[in-house]
1. So, in nm, how far is label residue 88 from label residue 119 when the simple model puts each one 7 Å beyond its Cα toward the Cβ?
2. For the chain, set up a GNM with springs between Cα atoms under 10 Å and report which of 76, 40, 49 has the largest fluctuation.
3. Just add up the charged neighbours of residue 91: K/R +1, D/E -1, any other residue whose Cβ is under 15 Å from the Cβ of residue 91.
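A short reminder: the numbers here are calculations on the coordinates, not readings from a lab. This one's a predicted model, so the numbers in the text were calculated from it and none came from an experiment. Reconstructed Cβ throughout: ideal geometry from the backbone, glycine too, with neighbour counts over all protein chains shown.
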Amino acid sequence: QVQLVESGGGLVQAGGSLRLSCAASGSIFSINAMGWYRQAPGKQRELVASITSSGSGSTNYADSVKGRFTISRDNAKNTVYLQMNSLKPEDTAVYYCNAGVRIGIAPYQIYDYWGQGTQVTVSS
């Protein structure tokens, strides 16, 4: 069993900052890519940022957050972070952590896991 637990959401004024954390625990052999998604009311879930497991971690960002958000990870702690600066009201959403987790050495033993979500609200 693998769990992803997010923290760090909250209410912030426009222009402010928040840092989200997501810690993975359980029967983990290794973790591949990790990422953050968000879903605003009435909208589809969208990718915000992702980071690979190799080396320093190759990153990918949605155009809407480039230059404002930074994703990073601590492999020793099985944790991924999302530093969000210059927040805008349109960043308001539930943010979900995602990870591709290998639970064994067999090729098929890689599964996609999601956190429960953390609310981020940006007031204007």
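1. 2.3 nm
2. Residue with maximal mean-square fluctuation among 76, 40, 49: 76.
3. Taking every other residue near residue 91 into account, the sum is +4.
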